[in-house]
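Engineer: Could you have a look at this structure, given as structure tokens, before my questions?
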Amino acid sequence: MDAFFASVEQRDNADWRGKPIVVGGLPEHRGVVAAASYEARVFGIHAAMPSRTAVQRCPQLIFAKPRFDVYRAVSEQIRDIFCRYTDLVEPLSLDEAYLDVTVNKKEQQSAVLTAREIKALIYNETGLTASAGISINKFLAKVASNVNKPDGLFLIAPDHVESFLEKLAIEKFYGVGPVTAEKMRSLGIHTGADLKLWSQADLAQQFGKAAYYYFNVVRGCDDREVTPDRIRKSIGAEESFAEDLVARAAIVAALEQIAQTLKDRIEDNQTSGRTLTLKVKYGDYQQITRSRTVARPVYDIDAIMKLATELLDSTEIAHRHVRLLGLTVSNLDSDTPEETCVQLTLELKYN
């Protein structure tokens, strides 16, 4: 879907059409942009940007409060359209999915015609535009879907895969983020053709485990199947605060509220997990995580808070302000016997 959340808001509010809008929290509440309309993107505004920065770039920016119940309802409408063509639908999020239409309910022999029909149905039934990428595997279809946005449709045919990827700028490769793209450019890798010159061993020295992925996708190789029922891997909850938290008592109190939300979501999903991850964003926007895996599944508030507090005390909250806290439980419903489980601690830091 094209700028999904923002497009829904523009659809439902005629005064916002053609204007720069974002869905997210207000600047005075230290909010973050969840989605930006294409009119807002002209100003360099994008998802995950602090709302204060967004409004500095575009003073006339309109802020829309998120309505996730509406977005979910529209997403279900779109999913229903997909399922008229195939049951092999793998949602990635509310606004994106992979479809395998090799064999489809309409007995349509052309994937391009199928994509055009689906796009037309989405527009007719929801008033929203979608972009479609068509190719022989997931990676190529994902890359193709971004070529002609918004309201785009692009085909990477089997006999064009090699030439298309060789010309593709490295930052356009799905899975290559801004930091990795910058590192690749510093190594002389600017296009797929440059990447293709590197051996898997040489890539591994620079990029570790990701080397296998880069080595294969630049050759158009991706054998992942479209999986309709993806298993949920984690459940989380987080909160960003209007004012930085300073005192430990206030931080723990806020963490307990988040833990209660997490507990409720665990119960709603009728599951439990053995790994708890704490996310802390300090006042200077540096973000860190702490994780621990335990033998017994974590699902009640006491167990969550015990672990969460231990993880919290391993951070620098005694010396730094806190603007965001989050908790995530993973390793859901593990069948691993308790006696084979070991406790692990993982620390990740990034800016």
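Engineer: Could you run through region 207-222 and say how many residues are over 20 Å from Ser135 (Cα atoms) and either buried (at least 16 other Cβ atoms within 10 Å of the Cβ) or not assigned by TED's automatic domain parsing to the domain that holds His160 (or both)?
Structural biologist: 2
Engineer: Turning to a different aspect of this structure: Return the only residue of Ala303, Ala308, Ala201 being part of a helix (DSSP H, G or I), surrounded by 19 or more Cβ atoms within 10 Å (Cβ to Cβ) and among the aliphatic types (A, V, I, L, M).
Structural biologist: Ala308
Engineer: Also: Taking the criterion of being assigned to a loop (DSSP other than H, G, I, E, B), at pLDDT 95 or above, touching a strand residue (DSSP E or B) at 6+ places or on another chain (Cβ under 7 Å) and surrounded by 20 or more Cβ atoms within 10 Å (Cβ to Cβ), would at least one residue in region 64-80 satisfy it?
Structural biologist: No: region 64-80 contains no residue that is assigned to a loop (DSSP other than H, G, I, E, B), at pLDDT 95 or above, touching a strand residue (DSSP E or B) at 6+ places or on another chain (Cβ under 7 Å) and surrounded by 20 or more Cβ atoms within 10 Å (Cβ to Cβ).
Engineer: I need the full set of residues from region 23-43 which are in contact (Cβ under 8 Å) with a residue 24 or more places away in the chain and hydrophobic (A, V, I, L, M, F, W, C), in order please.
Structural biologist: Residues satisfying the conditions are Val23, Leu26, Val32, Ala34, Ala35, Ala36, Ala40.
Engineer: Can you tell me how many residues in region 250-274 are free of Cβ contacts under 8 Å to residues at least 60 places away in the same chain, outside any loop (DSSP other than H, G, I, E, B) and not hydrophobic (A, V, I, L, M, F, W, C)?
Structural biologist: Going through region 250-274 one residue at a time, the tally reaches 9.
Engineer: Could you check how many residues of region 11-50 are in contact with a Gly (Cβ under 8 Å, 6 or more places away or on another chain), in a helix (DSSP H, G or I) and within 18 Å of Ala73 (Cβ to Cβ)?
Structural biologist: Result for region 11-50: 1.
Engineer: Which number in (1) assigned to a helix (DSSP H, G or I); (2) in contact (Cβ under 8 Å) with a residue 24 or more places away in the chain marks the one condition that Tyr85 misses?
Structural biologist: Every listed condition holds for Tyr85 apart from (1).
Engineer: So, one more: Taking the residues in region 1-18 that are free of Cβ contacts under 8 Å to residues at least 60 places away in the same chain and not aliphatic (A, V, I, L, M) as candidates, determine which candidate is farthest from Ile62 (Cα to Cα).
Structural biologist: Within region 1-18, the match that is farthest from Ile62 (Cα to Cα) is Asp12.
Engineer: With the requirement that a residue be at positive phi and not small (Gly, Ala, Ser), what does region 112-159 give you?
Structural biologist: Once the filter is applied, which keeps residues that are at positive phi and not small (Gly, Ala, Ser), region 112-159 yields only Asp151.
Engineer: Quick check: is even one residue across region 89-108 free of Cβ contacts under 8 Å to residues at least 60 places away in the same chain and of a type in the set (Asp, Glu)?
Structural biologist: Looking through region 89-108, at least one residue is free of Cβ contacts under 8 Å to residues at least 60 places away in the same chain and of a type in the set (Asp, Glu).
Engineer: Check whether at least one residue in region 45-65 is touching an Asp or Glu at 6+ places or on another chain (Cβ under 9 Å) and closer than 17 Å to Asp95 by Cα, and report yes or no.
Structural biologist: Within region 45-65, none of the residues are touching an Asp or Glu at 6+ places or on another chain (Cβ under 9 Å) and closer than 17 Å to Asp95 by Cα.
Engineer: For Phe215, indicate whether it is in contact (Cβ under 8 Å) with a residue 24 or more places away in the chain and part of a helix (DSSP H, G or I).
Structural biologist: Answer is no for this residue.
Engineer: I'm told Val32 meets every condition in (1) under 23 Å from the mean Cα position of the chain (by Cα); (2) surrounded by 22 or more Cβ atoms within 10 Å (Cβ to Cβ); (3) not charged (D, E, K, R) except one. Can you identify the failing condition by its number?
Structural biologist: (2)
Engineer: Among the residues that make up region 228-249, is at least one of them in a helix (DSSP H, G or I) and on the phi < 0 side of the Ramachandran plot?
Structural biologist: Within region 228-249 (the criterion being in a helix (DSSP H, G or I) and on the phi < 0 side of the Ramachandran plot), the answer is yes, since at least one residue qualifies.
Engineer: Here's a follow-up. Within region 96-123, track down each residue that is assigned to a loop (DSSP other than H, G, I, E, B), β-branched (Val, Ile, Thr) and surrounded by fewer than 16 Cβ atoms within 10 Å (Cβ to Cβ).
Structural biologist: Of everything in region 96-123, those that are assigned to a loop (DSSP other than H, G, I, E, B), β-branched (Val, Ile, Thr) and surrounded by fewer than 16 Cβ atoms within 10 Å (Cβ to Cβ) turn out to be Thr102, Val103.
Engineer: A further question follows. Listed residues Ala40, Ala3; which is at positive phi, modelled with pLDDT of 95 or more and surrounded by 13 or more Cβ atoms within 10 Å (Cβ to Cβ)?
Structural biologist: Just one listed residue meets the conditions, Ala3.
Engineer: Answer yes or no as to whether Arg224 is closer than 23 Å to Leu311 by Cα and not β-branched (Val, Ile, Thr).
Structural biologist: Taking the combined requirement at face value, the residue does not satisfy it.
Here is a yes/no grid of residues against (1) at pLDDT 90 or above; (2) in the same structural domain as Thr328 (by TED's automatic domain parsing); (3) surrounded by 19 or more Cβ atoms within 10 Å (Cβ to Cβ):
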residue	(1), (2), (3)
Ala254	yes, yes, no
Ala259	yes, yes, yes
Asn269	no, yes, no
Thr275	yes, yes, yes
Leu278	yes, yes, yes
Arg290	yes, yes, yes
Ala295	no, yes, no
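Engineer: Does region 148-180 hold any residues that are under 20 Å from Tyr214 (Cβ atoms), assigned to a loop (DSSP other than H, G, I, E, B) and not aromatic (Phe, Trp, Tyr), and which are they?
Structural biologist: Correct list: Ile156, Leu168, Gly175, Val176, Gly177.
The values are calculated or read from the model by the stated rules, or taken from the named source; none is laboratory data. For clarity, every value in this text was computed on a predicted model and none was experimentally measured. Reconstructed Cβ throughout: ideal geometry from the backbone, glycine too, with neighbour counts over all protein chains shown.
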